[in-house]
Every structure is written in structure tokens, then in C-alpha cells.
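The structure appears below as C-alpha cells.
The values are calculated or read from the model by the stated rules, or taken from the named source; none is laboratory data. Everything numeric in this text was worked out from a predicted model, so none of it was measured. Here the Cβ is made from the backbone with ideal geometry for all residues, glycine too, and neighbour counts use every protein chain on show. Just the protein is used for accessible areas: all its heavy atoms, side chains included, with ligands, DNA and RNA removed. Shrake-Rupley method; radii C 1.70, N 1.55, O 1.52, S 1.80 Å.
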Amino acid sequence: MIREGYINAIVLFGFLLIPICALIIEEPYTITLATRAAVLALAAVGLNIALGIGGLVSLGHAVFFGLGGYAMGILAFHAQNYIPVELGPLTINGTKSMPIIWLTAVLVSAFAALIIGLLSLRTTGVYFIMITLAFGQMFFFFSISWSAYGGEDGLSIYVRNVFPGVNTLVPIQFFGLCFTALCVALFVQSRLRASIFGLVLNSARQTPVRAETVGLNPMRLKLLAFVISGAITGLAGALFADLNRFVSPTMFSWQLSGELIVLIIIGGVGRLAGPVIGSALFVTLEHFLGEFTDFWHIWLGLILLLIVLFARGGIIGILTGKDGPHV
Amino acid sequence: MSEPVLATRNLCKTFNALVATDDVSIDLKPGEIHAIIGPNGAGKSTLIGQICGGIKPDAGSVHLGDSDVTNFSTAERAQAGLGRTFQISALAMEDTVLENVLLGVVGRSAKPWRFWSPALKARDLIESSMAALERVGLAEVCDQVTANLSHGQRRQLEVAVALALTPKAFVMDEPMAGLGAEGSHSMTDFLSELRHEAPILLVEHDMDAVFALADRISVLVYGRIIASGSVDEIKASKKVREAYLGEET
């Protein structure tokens with residue numbers, strides 16, 4: 001059996017190698033696919049912090065993904081039309097600058113996660129799943145009816161936003177940006193998991209009553225995990241919108257929340273590289289099987305079924321021979 | 001007489017028509033083991049729930065040291081110095097033994113908000129944890145995953161986590177449950193020493209252990225304390241015998 005640290009290194013190295021090879025053999029579309037996988041992985045890394053360490057099965061993480069997307073969409077929309085955003089007495093200019101857009105996406109998602117978490121963390125189990133789903137649907141239908149920003153049709157952004165020192169229009173450079181964000185998020189997750197906060201949160205998932213009897217408040221721990229998790233998924237949303245130069249209500253859809261959970265389960269719940277493997281597999285299947293059939297989800301479903309039945313630790317679990325955390 | 005460390009005053013709790021706790025006043029003095037015994041369904045768990053938090057009494061109060069902790073949450077009571085062990089181990093089974101004890105140490109420090117430095121490199125915390133493990137005899141298995149421990153070792157780990165809190169008073173719910181004769185014996189020796197650090201409110205079914213350990217025994221039947229006294233007094237009490245053996249006399 002292989003040690004998890006090696007697997008993580010191999011997975012990330014492989015992830016980097018594919019677009020570089022694609023660059024050499026001049027297959028720019030593969031680079032775009034790799035970027036898509038990296039961004040989805042980033043979103044799932046966010047969810048993995050809540051789900052894998054905190055045990056919070058959120059079926060509403062599309063909220064944060066969508067908020068990140070719309071943060072980008074709205075700011076860039078105002079920038080390309082030269083109309084400032086009017087927020088009551090406040091006038092904010094649109095921007096095409098990625099760092100500002102990212103910061104906005106992270107702050108907005110974190111704030112939304114704080115409010116949603118405060119309300120939904122009073123419940124556990126199926127009720128938590130349902131209440132997060134309900135929040136997701138609220139945002140979905142709101143975005144459909146928000147005609148100022150395209151409603152159902154979504155918003156198109158003509159030119160990709162800018163990042164200092166990077167030509168984001170070149171696919172490999174934009175990939176580099178997304179891949180770096182993914183690596184930073186993975187690093188944050190690994191530090192978090194090993195820290196005292198991670199240790200305590202991980203125990204609170206397994207035995208909340210114990211956390212209380214040693215004087216800790218499990219609710220607060222889980223709320224903070226949810227906020228961090230939402231912020232990372234929000235950042236992924238901003239990148240996803242920039243990848244497609246398009247934002248639409250589908251970013252808020254519950255299917256997306258479900259897909260993020262599926263990615264994590266396939267790769268390995270709570271495992272560092274779990275979402276990365278899951279997302280790479282997902283995008284590969286989507287692309288290659290999608291060429292043959294519209295029903296490629298059947299095969300994804302079959303893989304998911306096999307993993308849930310026979311390999312509770314996901315692909316990483318199979319490779320390391322160790323079961324993951326039970327959620 | 002010294003002031004009690006932990007006390008309940010006229011606690012009452014009913015669940016619909018069932019009187020689970022009926023005017024219970026007990027106290028725990030420094031250096032003593034006070035055992036609560038009673039037949040199944042006597043309301044021992046409900047009483048512990050009210051002392052440790054989680055169940056709110058209908059009337060009466062709970063005191064820890066000088067403070068009235070009746071309206072404290074479970075976590076706040078733990079912060080105030082109440083160390084509890086569970087009848088059915090409430091341990092993080094996927095974590096190592098050391099990590100479980102670390103939880104207690106972090107709880108005592110009340111500082112779980114450290115996000116960056118690795119927990120297993122925090123030397124002060126590790127030292128306190130290892131000291132607690134040393135005392136219950138689990139230091140050698142500190143790197144083992146808790147799920148792999150024997151039942152007896154899990155009971156010891158329960159106690160170690162509570163020790164790591166360095167509480168003012170312990171509340172132990174059947175620490176002997178499921179231990180073999182030998183395990184029960186060494187646990188008895190251990191608790192006997194531990195009482196000098198912090199007094200223990202002991203709920204236990206193992207009568208040999210109770211009679212060996214307790215300075216005082218209170219007998220709970222249908223939510224009421226029907227007798228309270230030294231081991232010999234309880235052994236001699238007719239009322240207690242009736243409650244345990246039925247009223248055939």
C-alpha cells in the first residue's frame with residue numbers, strides 16, 4: 001500500500017503535467033479541461049473541509065459557488081459597461097481585476113456561510129442536508145428572477161479579467177493561476193487539519209458530546225469550519241465564472257452541490273487529494289464518455305455505486321488501504 | 001465540616017407523569033468518593049444529566065464550588081471544573097489515544113482557535129496529555145487508533161481524558177462497566193488514589209467496587225434518595241435491602 005503523502009504528490013504532479021503536455025502537442029482544449037478540473041477540485045476542497053473534517057453534509061455549497069460566480073459577473077459587468085454599482089448611498093465601480101474580484105467573492109461567500117451556518121447548524125443529519133438544500137434553492141430561484149443581471153439567461157463577460165503579471169487570456173497561464181489557487185487551498189486544508197482547531201473539529205464530528213464535556217462548543221467549531229469552507233468554494237466560483245466568461249443560475253443549482261459531494265466521495269472523503277482525483281475523473285468522464293453518449297452520468301453513477309459499496313475511503317482509500325473518516 | 005465541591009439542592013425533574021428526580025440534595029466534599037447506587041430506572045442517568053448539563057431541572061439548583069451552575073451549558077460546566085466520564089465510551093474512535101487526551105487538554109486551556117501550528121508539535125499540550133496517559137497506564141499505546149483498544153483500555157482512556165481537564169470534581173458514570181475482575185481491581189485502586197486530587201461522584205453497579213471505594217453512599221429509588229450514609233450504614237439498612245430485593249421481608 002502506498003503512503004498518502006506520495007499519492008498527494010503524484011496526483012498534483014500529474015495534474016500539472018497534463019496541461020504542460022497538452023501545450024507541447026498543441027491541444028489547447030485539454031488545457032481548458034484541466035483548468036475546469038482544477039476549479040471544480042478547488043470548490044470540492046472547500047466542501048471537503050466542512051464535510052470531511054467537520055462531518056457537515058452540505059447540499060447547498062452551490063450557494064457559495066454561485067455567489068463567487070456572481071461576484072465576478074456583477075463586478076465585471078459593471079466594468080465593461082462603465083456603469084457603477086449603486087448600493088443605496090454607496091457607489092462602487094466595477095472592476096476587471098481578479099485579486100479584487102476574488103477578495104469580494106471570498107468575503108461575500110464567507111458572510112453567506114456565516115448566516116446559513118448559524119441557521120442550519122441547529123440541525124443535524126438529514127435535516128441539515130435539507131435545510132442547506134433549501135438555501136441553495138432560494139439562491140437559485142432568486143438568481144433566475146434577477147433580471148438586472150440576466151435572469152435565467154445569465155451574464156456574459158466579453159474578456160477574461162486581469163491578474164497583475166499574468167496574461168489570463170493564454171490558457172496555460174490561466175491554468176497556472178487556478179492550479180496555484182488549488183495548491184494554496186490544499187496547503188491551508190492540510191495545516192488546518194493538523195492544527196489544534198482541526199483536531200478538535202475532527203473529534204467534534206465523531207463525538208460531539210465529548211467536545212461539550214471537555215468545555216468546547218461544537219456548534220462554534222462547526223460554524224467556523226463552514227465559513228472557511230464556503231469562502232474557498234466561493235473563490236472557486238469566481239474562477240469558474242472567469243474560465244467560462246459566463247455566469248448563470250446553474251452555478252446555484254442543487255445538481256452542482258450534489259456533484260461536489262460525488263467528487264469528494266469518489267476521491268475520498270476528508271482526504272487531501274480526494275477532491276482532486278474525483279474532479280479529474282469527473283471531467284475526464286464528462287469529456288470522453290460525453291462524446292459517445294449523452295448518458296455518461298450512468299457510468300459515473302456506477303463508479304459511485306461501486307465505491308460506496310466496496311471502498312468507503314474512495315480511490316485514495318483503495319490506494320492507501322485505509323478507510324477514511326466516517327461521516 | 002468543609003464546604004462541598006459539588007452539590008445539588010432540591011433537584012426535581014419530571015417527564016410527563018414520571019417523576020425522574022424527586023427533591024434530590026446531595027453533596028460531594030473534598031477528598032471523598034460519594035457513590036450513587038440504585039436499581040435500574042431509579043433516575044441515575046437523569047440525575048447525572050442535570051449535574052453535568054444537558055438536562056434542565058424543573059426546580060432546584062446545582063452548585064460547583066462557590067458558583068451556581070444551574071443555568072450553565074455542558075461546556076460551561078466543564079470550563080468551571082467538572083470532569084465527566086461516560087458509561088458508554090464517548091471517544092473519537094478514528095483518532096489516536098493521544099489525540100483523544102489532547103482534546104481534554106485543549107478543553108482545559110479553552111483555546112481551540114489555533115489554526116496553523118500542528119497540534120502534535122505543541123509540546124506543552126503533548127506533555128500534559130502524556131502525563132495523563134502515564135497515570136492510567138496507556139502511555140505505551142498513545143499512537144494507537146482508539147478503535148483498536150480493548151474495552152478495558154477504552155475505560156482507562158475515558159478517565160485519562162477527564163484527568164487531562166484537571167477538574168475540581170469528577171462525575172463518573174459506571175467506570176467499571178464491562179471490566180473484568182482484574183481491570184475492575186486496578187481501576188478501584190486508581191480511583192481510590194484519585195479522590196485526594198478531586199472528589200468523585202460515582203455512579204456504579206459493581207457493588208464490590210462501591211463498597212471498597214465509597215466514603216458515603218446514597219441510594220436512589222424512583223428518583224428519591226431513600227438512604228444516605230457510610231458503607232456499613234447502607235449495608236445494614238432495611239429500607240435499602242427492600243428496595244433492592246423486593247418487599248417480601
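Quick notes on this structure:
- Any hit, the range A:31-40, residues being closer than 16 Å to residue A:230 by Cα and in contact (Cβ under 8 Å) with a residue 60 or more places away in the chain: yes
- Residue that is at pLDDT below 90, within 20 Å of residue A:206 (Cβ to Cβ) and not in a loop (DSSP other than H, G, I, E, B), where the choices are B:120, B:98, B:102: B:120
- Figure legend. Inter-residue proximity from the range A:271-296: first residues under 17 Å from residue A:11 (Cβ atoms), second residues hydroxyl-bearing (Ser, Thr, Tyr), beta-carbon distance below 8 Å, spacing 6+ or different chains. Indicated pairs: A:272/A:190.
- Within the range B:105-117, the residues that satisfy the criterion of being farther than 16 Å from residue B:164 by Cα and either part of a helix (DSSP H, G or I) or of a type outside the set (Lys, Arg) (or both) are B:113, B:115, B:116, B:117.
- Output for the range B:128-144, where each listed residue is over 24 Å from the mean Cα position of the chain (by Cα) and either hydrophobic (A, V, I, L, M, F, W, C) or assigned to a helix (DSSP H, G or I) (or both): B:140
- Selection count where residues are over 17 Å from residue A:143 (Cβ atoms) and assigned to a helix (DSSP H, G or I), scope the range A:44-77: 10
- Just one of the numbered conditions (1) farther than 17 Å from residue B:169 by Cβ; (2) open to solvent by 10 Å² or more (accessible area, probe 1.4 Å) is not true of residue B:75: (1).
- Residues satisfying the stated conditions in the range A:84-122, i.e. open to solvent by less than 40 Å² (accessible area, probe 1.4 Å) and among the polar types (S, T, N, Q): A:95, A:97, A:109, A:120
- Residue match in the range A:170-188 (condition: within 14 Å of chain B (Cβ to nearest Cβ), of a type outside the set (Val, Ile, Thr) and farther than 28 Å from residue A:253 by Cα): yes
- Flag for residue B:85 being under 25 Å from residue B:205 (Cα atoms) and either touching a residue at least 60 places away in the same chain (Cβ under 8 Å) or within 11 Å of chain A (Cβ to nearest Cβ) (or both): yes
- Just one residue in the set A:272, A:300 is assigned to a loop (DSSP other than H, G, I, E, B) and touching an Asp or Glu at 6+ places or on another chain (Cβ under 9 Å); that residue is A:272.
- Filter result (open to solvent by 50 Å² or more (accessible area, probe 1.4 Å) and either under 25 Å from residue B:167 (Cα atoms) or within 14 Å of another protein chain (Cβ to nearest Cβ) (or both)) within the range B:15-29: B:25
- Across the range B:54-66, the qualifying residues are those that are open to solvent by 50 Å² or more (accessible area, probe 1.4 Å) and within 14 Å of residue B:9 (Cα to Cα), and the one among them that is farthest from the other protein chains (Cβ to nearest Cβ) is B:58.
- The set of residues in the range B:30-49 that are away from chain A (no Cβ under 14 Å) and part of a helix (DSSP H, G or I) comprises B:44, B:46, B:47.
- Of the helices (runs of 4 or more DSSP H) lying entirely inside the range A:148-214, those containing at least 3 residues that are in contact (Cβ under 8 Å) with a residue 40 or more places away in the chain span A:171-194, A:196-206.
- Residue A:56 being farther than 13 Å from residue A:239 by Cβ, buried (at least 18 other Cβ atoms within 10 Å of the Cβ) and not hydroxyl-bearing (Ser, Thr, Tyr): yes
- Applying the criterion of being touching a residue at least 40 places away in the same chain (Cβ under 8 Å) and among the aliphatic types (A, V, I, L, M) to the residues of the range B:103-148, the residue that is surrounded by the fewest Cβ atoms within 10 Å (Cβ to Cβ) is B:147.
- Search result, residues across the range A:197-227 that are at the interface with chain B (Cβ under 9 Å from one of its Cβ atoms), under 21 Å from residue A:46 (Cβ atoms) and β-branched (Val, Ile, Thr): A:200
- For the range B:50-73, the set of residues classified as in a loop (DSSP other than H, G, I, E, B) and closer than 22 Å to residue B:214 by Cα consists of B:65 only.
- Residue match in the range B:35-51 (condition: modelled with pLDDT of 90 or more and over 14 Å from the mean Cα position of the chain (by Cα)): no
- Residue A:156 being in contact with a strand residue (DSSP E or B) (Cβ under 7 Å, 6 or more places away or on another chain), more than 30 Å from residue B:157 (Cβ to Cβ) and open to solvent by 20 Å² or more (accessible area, probe 1.4 Å): yes
- Complete set of residues in the range A:310-327 that are open to solvent by 80 Å² or more (accessible area, probe 1.4 Å) and part of a loop (DSSP other than H, G, I, E, B): A:312, A:322, A:323, A:326, A:327
- Condition check for residue B:53: in contact with a His (Cβ under 8 Å, 6 or more places away or on another chain), assigned by TED's automatic domain parsing to the domain that holds residue B:172 and at positive phi: no
- Some residue of the range A:146-160 being within 14 Å of another protein chain (Cβ to nearest Cβ), more than 27 Å from residue A:38 (Cβ to Cβ) and charged (D, E, K, R): no
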